Structures are given as C-alpha cells and as structure tokens.
Amino acid sequence: MDSPILTGSSPEGTSELFHTKYFEEDAYLSQSGQLYAEAGAMALGRVFTFGPTFRAEKSKTRRHLIEFWMIEPEMAFTEHDESLEIQEQYVSYLAKAVLRECQLELKVLDRDLSKLEAIQAPFPRITYDKALEMLHEKGFDDIKWGDDFGSPHETALAEHYEQPVFITHYPKSLKPFYMQPAPGREDVVLCADLIAPEGYGEVIGGSERIHDYELLKQEIDRHDLPLEQYQWYLDLRKYGSVPHSGFGLGLERTVAWFSGIEHVRETIGFPRLLNRLHP
C-alpha cells in the first residue's frame, strides 16, 4: 500500500523531521510509512509500504543518508517473536536471490561470496542487557544502561558473529511511543534491531506495536506529543484491535552490505547527504 509523503504527525517524534507548510497547517516529510501501514494491516491483515523517507539527522557517517528508501511490512495478529522469524527469513531470501541472480555484479565488485553465503536463518539474538555486558567486556566502559548504541558499539557486537544479529528489548526510554512493553519488564520494549556484520550496522528496526487504547494514549502523553495529531491513530484501537508488529528495512544500507560497498552514497543515484543537496 502507499503511504503519504506529507504527514501531520510522526512515528519517531518531530525532532528529526523536515518541516514544511501544508497551506495553513504544519506538515512534515515522512520519516516512515508505519502509522498508515498499521491502518492498512488492520483492514487487510498484512501489508507493506515502499517509498522515500526523510531524516533530518546531522549524521556524517558512511551509513547515513538524509533521503533513503525503506521497505516496511506491517502484520496483524503477529507478535514479537514471529516478526523476528519473518525478518530473518526475508533477509536470508534476499541474500540467496542476490547470490543466484547477481554473480556478474558481485564479481565486478570483488565481493567475498562467503560473507553472503553465511546469511542463513536463524540469526542469533541477544538482549540489550547482554549486549551491554559484551561491550563492557570489550572495553567500552563509558556506555551505561539506558545509553543508545552508536556505530562503534554495533560494529564491536557484530564482530562476535558471522551472521547478522538481533539486539532485542531496548530500554523504553530509547524507543518511540508506540512500542509494546515487555511482559514483566516495564522498562524495556518488545523491539529488535538487526545488526549486519562487517560494520554495516542496523539494517532493520522493528517492534510489536501497542494495541491497547489506554496504554497507547498514556505513552503519547508521556512523550508530550500533540494528542489531536494522533487521534486517528488512537482510533485504530478504540473499537477493538489485535496484537500486531512491523519493521522497516533500509534499502540502500542493505544494498551496501550485500555488495560490500564502503559508503552508502554509492547505492543511490543522487545521494542526499548532510552537505549535498545538488546532484
């Protein structure tokens, strides 16, 4: 399904959005089609969106683009663990397809095929808590519980595995308002980032979504988001909802990983970077 590029609300909060005017109203360039995909999933069961997304992040790394494309499945009657299985099967299928269909291109790029052959489900899974322990063992003493992982942390964790690795159950304070709290653990949420090996970082982010009306309203209030902008999203739960989950896969970063390209700017024709708006 298609999701709007001009939106009046944000899944992640408005701090990293490009602001514009929609006649007399405030609007933003979309950073995700997720909220609209949830509406589609409630009607159709399983849907996906594929479109441009925009992040006003002042990040200057080989992993980041200001404008990129994202594939975002959203699935009704799907809980956290089943969503992880779908993600790993999807990525494994893509890797096999690339190996089967793109031998010439991979040879031109001098890609080590063994790296792609190792991408086979199931993928290892570690919690945020375990990941933090591993980082401390590797000498990252400056990071404490509740801090987000940066590129060096993700790379260090990925070095333990030949396959991609899921990091699950991040602190609630690090994640957006819509993520379902973990049973028996209100300080973490049912989410996961899929970290690619070889320093390519997060290629998928996903979670189980809150399906309870009162809990979602409480989280919107806790994040100090304007309730009127999210009322339509709340209404998806108002008349009955079901457990549902979804995720987003960044196309350019995944292409960079599969092809072994050093910088994500080489995976798109006209990259939008922190200092580049013109061709």
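A few remarks follow.
- Approximate spin-label separation LEU274-ARG62, in nm, with each point projected 7 Å along Cα-to-Cβ: 1.6 nm
- Local electrostatic count at ASN275 - Lys and Arg +1, Asp and Glu -1, tallied over other residues with Cβ under 11 Å: +4
- The lysine pair count for the chain, using Cα distances under 26 Å and pairs eight or more places apart or on different chains, is 25.
- Most mobile of LEU104, LEU194, LEU174 in a GNM of the chain (Cα contacts under 10 Å): LEU104
- The range 109-149: C-alpha gyration tensor shape, a/c 1.5 cut-off, then a/b vs b/c: prolate
- Assigned charges on the beta-carbon of Lys, Arg, Asp, Glu; the chain dipole about Cα centre (debye): 600 debye
- Rounded Å value of the spacing that divides the Cα centres of the range 72-94 and the range 210-279: 16 Å
- Normalised convex hull volume, the range 6-267, alpha-carbon set, Å³ per residue: 139 Å³
- Loop-resident sites, the range 63-94, for GluC sites (Glu not before Pro), counting at most 15 other Cβ within 10 Å (DSSP): GLU79
- Checking every one of the chymotrypsin sites (Phe, Trp or Tyr not before Pro) in the range 173-274 against DSSP loop status and a limit of 15 other Cβ atoms within 10 Å picks out TYR239.
- Those GluC sites (Glu not before Pro) in the range 222-279 that DSSP places in a loop and that have at most 11 other beta carbons within 10 Å: GLU262
Values in this text are rule-based calculations from the coordinates and carry no lab data. Values in this document were obtained by computation on a predicted structure and should not be read as measured data. Ideal geometry is used to build each Cβ from the backbone, glycine not excepted, and the neighbour counts take in all protein chains shown.
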